[in-house]
Amino acid sequence: MYPRCAGSLLIAACLLGTPLSRADAPAPALPGVQRVSFNEGWRFLRGDPTAAQHAEFDDSGWTPITLPHDWAIDGPFDASLNPHTAALPISGVGWYRKSFRVSPSRSKRYYSIEFDGAMANSQVWVNGHELGGRPYGYIGFSFDLTPYLRPGTPRNVLAVRLAPEVNSSRWYPGAGIYRNVWLTTTGPVRVGQWGTYLTTPIVSDESASVALRTVVSNQEAAAVRVTVRSSILAADGRQVARSEVESELSAGADTTVASRLRIAHPHRWGVERPYLYAMVTEILRGRRVVDRYVTPFGVRTIGFDRERGFLLNGEALKLHGVCLHHDLGALGAAVSRRATERQLEILKAAGVNAIRTSHNPPSPELLEYADRLGLLVIDESFDMWRIPKVPNGYSKYFEAWSERDVRDMVRRDRNHPSVIMWSIGNEIPEQGDPAGWKEARRLTQLFHEEDPTRPTTSAFNDWEQAIQNKLADEVDIPGFNYKPTHYQEILAAHPHWIIYGSETASCVSSRGSYHLPLEKYAKHPSLQISSYDIIAPPWAYCPDVEFAAQEANPGLLGEFVWTGFDYLGEPTPYFGWKEDNSADWPARSSYFGMVDLAGFPKDRYYLYQSVWTRGPMVHLLPHWNWPGLEGRNIPVMVYSNADEVELSLNGRSLGRKKPLTEPVALPVGPNVSASLTFQSKYRLLWQVPYEPGVLQAVAFRQGVEVARDTMSTAGAPARIHLRADRSRIAAGGDDLAFVTVRIEDQDGNLCPMADNLVSFQVTGAGEIAAVDNGNAATAEPFHADHRKAFNGLALLIVRPRTAGGGTIHVSAHAEGLADAQLDLESQPARRDSLYAVR
């Protein structure tokens, strides 16, 4: 347990990214030593055939696929399936098989297969020999293939059986081998899996002392003597530190070798400048390098203080965090580097600086991009312990597997500079158990044993029970879900605690939908929820409430909003389907996100941006198309971080207002004179009699215009406009282009209620990966060549089709509208010197 002396906790650490390379940059390749993607050439079958684990089994009729693969996202959506898991077919048995050849070698080669994650209850065989399995679908695992391979023969077969269960998750988990798979080849003396661990006992502007522990595995029958050479490279490739340590390795055993290095005048890793070094670990036998292991890392310190909050490199930093489920919208749970990067880029632009991986260990790619982009991470382990939340959840496996899963999770992730806390669980039912503290203590001790440099936390929703039953005493930093009105009470009763909002707000909305009069929390017959940002379930509240609580308690570390993106499953409030399935179908994904499932920001995104960023901004809502309501007052809201905002309609000023100084009582229906239970000073409100034309908000700082936003009354839909997030993408990998599809009038204005059906054609060097529109209540398939617009927008996701690159031609057609075309370029991938594919 960490001390809470004087309400402060300070940790100095030099933290790393995932060990990513053996034979790749920044040093020359080693003959026979490599880590390569094992994603190509698989075959897949839904079903459970007999003897499919054997090499001789005939899989010629199975479907060829490339990993990562999520079989459930193909659908179809089914009203009879669980809405919690998006009404998609997540359960059942699926088999994967891959044939591969291993070349004979004069020297002994060792082969291991590594799965970043497989959903779920995996069993793995090679050439008919069972290697083992893992029930938890979110954890990485590996096996030694060497004893069972047939070098020089034309066919070795890896077979994987997965059996995810019905009622095993509270959200959409996906299904299949949904994360990357790697094949590693080494000699008998090598760095072990996740075999480097770095800390820095001392960090200053003058120097950083780097303590390195390297696990070296010796598979030979005799002891050997080796030299462990460790080199630190700066981002430009310059060597800035080096050490060599000789060690005697026992036969058939792992040995931990300690090294110490020093970086002069280190560059600190931070949210504004996420500087990364690389640790190159080489194993030498005599003069010959027999293994090389490259680990990106960053130098930074973290601290937690009762008065100042979270400290990064000694400076106070409020955590502007979001919770994030692991699915990638239309791509399902299948990991995509570019889709992951895009999500984090969108969130960072709103002022987000932290992610909580709700409620499971994340993909390695998420942590890699958090390192690169400068985002802090709470790395979460479990959604339940022994007491189940769903009949077939992780509680079935907790007793047998929790220690192994925790240790593997930490060993994989403890070197990322982005990770600042370990979460031992989310809203654990053991909060209500007088003996629940014992499990919290056991898990905290496991995390501390594997990584003494970071505190543990847990997200408590039953704050009184968590405190009464002492679970909150057993973590270093207690987190509290949806308790802004109790922060002061908790802090007053526990003067040495440091706390934060581990899950906040849970405001719900549909992007671009507005209902009049303003409404309370209810099931609207449209299955959409008004985007005025005032609606939340009974346990939750609007963002403004948390803003005020954080401001009133500056020592709070910050908050983690539920959620950053909409996610598949949990279509709150549309859970309770009627017997005839007529009421809430086809609502099948959440409304909680500040960004919709397609990656389009909702209005709420800009509310957070107005509080969390300083770059001048102003955002105006709603749209300005209200036929039939001429002369009726329309509530107009503005979000801005400027000193003053002026609203005008058709050139006539409707007055100026000042954010943070004029609290607004927000009216709600059915009586628009009634007021919400809180007054907000974080938004501006005008009641504007509707007339078609141009509504404009202009933001000022010190009397000078700094930003403006405009809403124009749109005419009839006339054309399609395509806009790609990037004009060039990398060929031969999992790069993607995200193409926004806008329905516009003849003057280029977005038609905010357009729902035209758009058909797509992608030719040349690319193909359609998926389509979406951000609508949480549709059973349209994600894998299709068409999509209806939702409130004027749709999304086309394009991937490269060939490794050699070329031009990708995109065209879009909708009946009665002018077509649109767009060309993208697919180019051979540039080798990444730090995060090269092994």
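The values are calculated or read from the model by the stated rules, or taken from the named source; none is laboratory data. All values derive from a computational prediction rather than experimental measurement. Quick reminder, even Gly has a Cβ in these numbers, built from the backbone with ideal geometry, and neighbours come from all protein chains shown. Just the protein is used for accessible areas: all its heavy atoms, side chains included, with ligands, DNA and RNA removed. Shrake-Rupley method; radii C 1.70, N 1.55, O 1.52, S 1.80 Å.
See the values below:
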read-out: Zone of Val36's modelled label, taken as backbone nitrogen in region 260-297 under 19 Å from a point 7 Å along Cα→Cβ; value: 291-294
read-out: Charged-residue dipole, Cβ positions (Lys, Arg, Asp, Glu), the chain about Cα centre, Debye nearest 20; value: 2380
read-out: Positive-end residue of His515, Gln468, Pro455, charge dipole of region 427-545 with Cβ unit charges; value: His515
read-out: For the chain, fraction of C-alpha pairs farther apart than 53 Å, in %; value: 13
read-out: Gain in span if fully extended, Arg656 to Arg150, counting 0.36 nm per residue against the direct Cα distance; value: 174.4 nm
read-out: Cα→Cβ-extended label distance, 7 Å offset, between Ala522 and Lys788, nm; value: 2.4
read-out: Alpha-carbon centroids, region 520-535 and region 457-511: separation in whole Å; value: 28
read-out: Label zone at Ala51, where the point sits 7 Å out along the Cα-to-Cβ direction: region 106-133 residues whose backbone N lies under 15 Å; value: 128-129
read-out: Computed E for Arg238/Gln827 - FRET, C-beta separation, R0 25 angstrom, nearest 0.05; value: 0.30
read-out: Size of electric dipole in region 293-442: Cβ of Lys, Arg +1 and of Asp, Glu -1, about Cα centre, debye, nearest 20; value: 180
read-out: Carbon + sulfur, % of accessible area of the chain - ligands and nucleic acids excluded, 1.4 Å; value: 50
read-out: Positive minus negative residues near Ala548 (Lys, Arg vs Asp, Glu; Cβ under 12 Å); value: -3
read-out: Computed E for Trp401/Ser811 - FRET, C-beta separation, R0 35 angstrom, nearest 0.05; value: 0.10
read-out: Residues of type lysines that Lys108 reaches as a straight line, Cα spacing below 28 Å, ignoring anything fewer than 8 places off in the same chain; value: Lys98
read-out: Lys, Arg +1 and Asp, Glu -1 on Cβ, resulting dipole of region 268-357 about Cα centre, debye, nearest 20; value: 340
read-out: C-alpha center-to-center spacing [region 380-407, region 738-759] in angstrom; value: 46
read-out: Dipole of the chain, positive direction: furthest Cα of Val226, Thr301, Gln528, with charges on the beta-carbon; value: Val226
read-out: Burial order of peptide ranges 209-221, 505-517 (average beta-carbon count within 10 Å, highest first); value: 505-517, 209-221
read-out: Those lysines that a straight Cα-Cα span of less than 28 Å connects to Lys470, excepting residues fewer than 8 apart in one chain; value: Lys318, Lys389, Lys396, Lys438, Lys483
read-out: 21 Å Cα-Cα threshold exceeded, pairs from Lys520/Lys602; Lys657/Lys681; Lys520/Lys657; value: Lys520/Lys657
read-out: Accessible area per residue in Å² at 1.4 Å probe, computed on region 76-150; value: 37
read-out: Positive-end extreme of charge dipole, region 655-795 - chosen from Leu795, Pro717, Leu685 (charges on Cβ); value: Leu685
read-out: Protection-proxy order for peptides 271-277, 357-363, each taking the mean of Cβ atoms within 10 Å per residue, highest first; value: 357-363, 271-277
